[in-house]
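Beneath this line is the structure, given in structure tokens, with notes to follow.
Quick note: the coordinates plus some simple rules give every number you see, no bench work behind them. Remember, it's a predicted structure, so these values are computed and weren't measured experimentally. Virtual Cβ from ideal backbone geometry, glycine too; neighbours counted across all protein chains shown.
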């Protein structure tokens with residue numbers, strides 16, 4: 001039993017080595033193969049993703065942002081606190097145009 005198992009395993013290993021050692025047939029197309037196409041697609045995808053990610057520069061504190069004023073002047077909202085007649089403090093947004 002052990003001898004037949006060893007013989008079968010040896011034949012399988014010899015067949016695997018023979019298949020791995022043979023050269024693939026040459027292609028007459030002259031173009032890139034499937035592996036080259038996959039590599040070029042992966043590189044192109046990484047390049048496109050990097051371009052999209054770098055184009056998304058959002059505002060963060062400390063970076064100056066310049067906005068052209070609207071047609072009615074530059075307006076902005078501020079928070080103003082006021083105390084009602086009952087003594088409670090409220091905060092409301094007030095539009096300031098100037």
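Site pair residue 37 and residue 67 shows an inter-label distance of 5.0 nm when each label is modelled 7 Å from Cα along Cα→Cβ.
Give me the number: length gained by fully extending residue 50 to residue 75, i.e. 0.36 nm times residue separation minus the C-alpha to C-alpha distance, one decimal in nm.
5.3 nm
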